[in-house]
1. Answer yes or no: is there a residue in the stretch 152-167 that is more than 13 Å from the ligand (Cβ to nearest atom), over 24 Å from Arg70 (Cβ atoms) and in a loop (DSSP other than H, G, I, E, B).
2. Note down all Cβ pairs under 6 Å where the first residue falls in the stretch 146-171 and is among the small types (Gly, Ala, Ser), the second is part of a helix (DSSP H, G or I), and they're at least six residues apart or on different chains.
3. Count, please, the residues in the stretch 75-91 that happen to be within 18 Å of Gly164 (Cβ to Cβ) and without any contact (Cβ under 8 Å) to a residue 40 or more places away in the chain.
4. Would you be able to say whether some residue in the stretch 92-111 is buried (at least 20 other Cβ atoms within 10 Å of the Cβ), touching a residue at least 40 places away in the same chain (Cβ under 8 Å), over 17 Å from Leu52 (Cβ atoms) and within 14 Å of the ligand (Cβ to nearest atom)?
5. Test Glu118 against the criterion of being crowded, with 23+ Cβ neighbours inside 10 Å, within 14 Å of the ligand (Cβ to nearest atom), under 15 Å from the mean Cα position of the chain (by Cα) and in a helix (DSSP H, G or I), and give yes or no.
Amino acid sequence: MHRHVAAFAMTLILLGGGTAPTLGAQSTVRQPATDADLPSNLAAPPALKPLLSRMWNQSRTFRRQCARIRGESRLLVRIHTAASVSQSRGRAATYFNRGGAGILEADVYLAGPVDLIELIAHEFEHVIEHVDGLDLRRLAGLAPTTVWVTAHGMFETRRATETGRVVAAEVDGGAY
Ligand SMILES: [Zn+2]
């Protein structure tokens, strides 16, 4: 596990200067997504790659999320599927850790397989909220309709909830 993280940190250093994917704004024909289209600092089980590629191809909101994640050179997002209920706190949850070399590790646990598209986009938005520096505890006090604490003791946000639904609506078969 540790070795894997170290190897990935090395990759981040090498690829960290990469630019966000350039999308032909006028182009209506899109090439099939490849691994290169997804952020290099995203680690996902191989079985999830076709779904992530489909999301990337069909959802501009998901592409925006990926570009934001890709732009954070000191961030590593790891998706774990078939997570336990305690890991996923029901359906999905993300945990943040400051790992070696100051890399922020975001571990996304998905219980799945229901609503995977919505849940992945939802959790990615939580990752982006985190790198945006949102103080969820403070916001929950100031604006409880936008940030609140769930029965599982986790912060929930309207922003992540809505983004998950938007991406699911943009992807064909979003109820996957
Ligand atoms: Zn949430």
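All of the numbers you see were taken from the coordinates with simple rules; none came from a lab. This is a predicted model, so every value here is computed, not measured. All Cβ positions, even for glycine, are placed from backbone atoms using ideal geometry, and neighbour counts span all protein chains on display.
1. No, the stretch 152-167 contains no residue that is more than 13 Å from the ligand (Cβ to nearest atom), over 24 Å from Arg70 (Cβ atoms) and in a loop (DSSP other than H, G, I, E, B).
2. Listed pairs, sorted by first residue: Ala160/His122; Ala160/Glu125; Ala160/His126; Gly164/Glu118; Gly164/Ala121; Gly164/His122; Ala168/Ile117; Ala168/Glu118.
3. Step one: of the stretch 75-91, the residues within 18 Å of Gly164 (Cβ to Cβ) are 77, 79-81, 83, 88-91.
Right, trim to without any contact (Cβ under 8 Å) to a residue 40 or more places away in the chain and you get 80-81, 83, 88, 91.
Total satisfying the criteria: 5.
4. Yes, because at least one residue in the stretch 92-111 is buried (at least 20 other Cβ atoms within 10 Å of the Cβ), touching a residue at least 40 places away in the same chain (Cβ under 8 Å), over 17 Å from Leu52 (Cβ atoms) and within 14 Å of the ligand (Cβ to nearest atom).
5. Details: crowded, with 23+ Cβ neighbours inside 10 Å: yes; within 14 Å of the ligand (Cβ to nearest atom): yes; under 15 Å from the mean Cα position of the chain (by Cα): yes; in a helix (DSSP H, G or I): yes.
Spelling it out, Glu118 is indeed crowded, with 23+ Cβ neighbours inside 10 Å, within 14 Å of the ligand (Cβ to nearest atom), under 15 Å from the mean Cα position of the chain (by Cα) and in a helix (DSSP H, G or I).
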